[in-house]
Amino acid sequence: MFSIFKELIRLLSNRETTSQLSIRTVIGVTSAVLGFLIVLSILFTPSGQQISYHFITDNGLNNVASAFLLVAAATFVFSVQTIEKRIAGQKTWPWMLLTFGFLFLAVDEVFQVHEIIGKIMEGYSGAGPFRSWNTAMVVLYGFIAVPIGWLVFPYMLRVRAMPELMLTAFLFYTAHTLIDSLVTESSSLTHVVEESFKLFCSGYLALSSYAAFVWAVSKVSRKF
């Protein structure tokens, strides 16, 4: 147990000496951009449609933006993997795990994979304690994310602000999931709030990955 805390202190000390971006500024800008996208999604609601149109349709602005941010997150962590492998000679499997995870979520966002699986499962049995199989799949994604986060945590800890940003993204996902699970009578407002939380989750995943990318690039700059 003592060795675990010792390693934790070492990693925290290392990341404090790492040249990093002004994370407060980036968080502020990212949050403002995400908020602006949400406002646009509401303002550009087609005539005769509910304000949740861009939040619940497959090609809606909110879903497209979320998928784009997830692809950006995958691109950033894949770049970190490349730098760690070629320059630093470090283990790269954690970054590849995150890359595939983000890409899967992006594909799910575009092609509604969990909704398709949910519809198939509904033909065989009920969803038990969950409102629907779609809700059950969303909760399952969250449970899968926990052990993955535990595996990659020691590697993320080297990057200033990355674990905190990842945790913030997970909290947004939790809020999204709770609304999906607990709200029995959905409305346009609940759809907007639920999908807005999902957009912020994607945004903070991209931001945490960007922090890792800047960290990796700074390592290259110091080496050369």
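Annotations
- All conditions in (1) under 25 Å from Phe213 (Cβ atoms); (2) hydroxyl-bearing (Ser, Thr, Tyr); (3) exposed (fewer than 14 other Cβ atoms within 10 Å of the Cβ) hold for Thr92, with the sole exception of (3).
- Residue under evaluation Pro94, criteria (1) touching a residue at least 40 places away in the same chain (Cβ under 8 Å); (2) assigned to a loop (DSSP other than H, G, I, E, B), criterion not met: (2)
- Residue count for the range 61-113, restricted to those that are under 21 Å from Phe197 (Cα atoms) and either among the small types (Gly, Ala, Ser) or touching a Pro at 6+ places or on another chain (Cβ under 8 Å) (or both): 8.
- Each residue in the range 26-54 was checked for being buried (at least 18 other Cβ atoms within 10 Å of the Cβ), assigned to a helix (DSSP H, G or I) and small (Gly, Ala, Ser), and 1 of them qualify.
- From the options Ser196, Ser181, Ser188, residue that is at pLDDT 95 or above, more than 29 Å from Met96 (Cβ to Cβ) and in contact with a Ser or Thr (Cβ under 9 Å, 6 or more places away or on another chain): Ser196
- If you go through the range 170-183 and keep only what is touching a residue at least 12 places away in the same chain (Cβ under 8 Å) and under 22 Å from Asp58 (Cα atoms), you end up with Phe172, Tyr173, Thr174, Ala175, His176, Thr177, Ile179, Asp180, Ser181.
- Residue within the range 24-44 that is at pLDDT below 85 and farther than 24 Å from Gly101 by Cβ present: yes
The values are calculated or read from the model by the stated rules, or taken from the named source; none is laboratory data. Values in this document were obtained by computation on a predicted structure and should not be read as measured data. Please note: Cβ atoms are built from the backbone with ideal geometry, for glycine as well, and neighbour counts cover all protein chains shown.
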